[in-house]
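A quick write-up on the structure given underneath.
The values are calculated or read from the model by the stated rules, or taken from the named source; none is laboratory data. The model shown is predicted, which means the values in this text are computed figures rather than measured ones. Here the Cβ positions follow ideal geometry from the backbone for every residue, glycine too, while neighbour counts run over all protein chains shown.
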Amino acid sequence: MSKKLIKVTIMSPSSSTEVQAEWLDVNTKSGNFVILPGHIPLITTLAIKKNLVIGLENGTQKIINVNDGILEVTRDTATIFLTNE
């Protein structure tokens, strides 16, 4: 049986990247939490000057330093809109 994954799209003013992830660890203006596949849909602002960590399907982690942005989550996708690089 294969693992459930989240399709994560990271968008900035100059680029766009897609990865498959097992989880996301996000810092929002409301607090810190982990997004897993099947999470309830939400839209939230990301905390300024904090890291967003993506647990990739190969077991590694991708760390993104967030200066400002928005996170949109559906049951099987997460889109991260970064306002700057």
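Assorted remarks:
- Looking across the range 5-20, the residues that are of a type outside the set (Gly, Ala, Ser) and free of Cβ contacts under 8 Å to residues at least 40 places away in the same chain come down to Thr17, Glu18, Gln20.
- Odd one out for Glu18 among (1) at pLDDT below 95; (2) of a type outside the set (A, V, I, L, M); (3) in contact with a strand residue (DSSP E or B) (Cβ under 6 Å, 6 or more places away or on another chain): (1)
- Residue check for Asn27: in contact (Cβ under 8 Å) with a residue 60 or more places away in the chain and polar (S, T, N, Q): no
- Under the condition of being in a loop (DSSP other than H, G, I, E, B) and either closer than 19 Å to Glu18 by Cβ or at pLDDT 95 or above (or both), the residues counted in the range 41-82 number 8.
- Selection of first residues in the range 66-85 that are over 14 Å from Asn51 (Cα atoms) and of second residues that are surrounded by fewer than 17 Cβ atoms within 10 Å (Cβ to Cβ) and among the acidic types (Asp, Glu), restricted to Cβ pairs under 6 Å at least 6 apart or on distinct chains, gives the following pairs, ordered by first then second residue: Thr79/Glu72; Thr83/Asp68.
- If you go through the range 44-63 and pick out every residue that is more than 19 Å from Leu5 (Cα to Cα) and aliphatic (A, V, I, L, M), you end up with 3.
- Residue match in the range 7-14 (condition: part of a loop (DSSP other than H, G, I, E, B) and under 14 Å from the mean Cα position of the chain (by Cα)): yes
- Which numbered condition Thr77 misses (of (1) more than 21 Å from Ser2 (Cβ to Cβ); (2) touching a Lys or Arg at 6+ places or on another chain (Cβ under 6 Å); (3) not aliphatic (A, V, I, L, M)): (1)
- Some residue of the range 48-65 being acidic (Asp, Glu) and surrounded by fewer than 13 Cβ atoms within 10 Å (Cβ to Cβ): no
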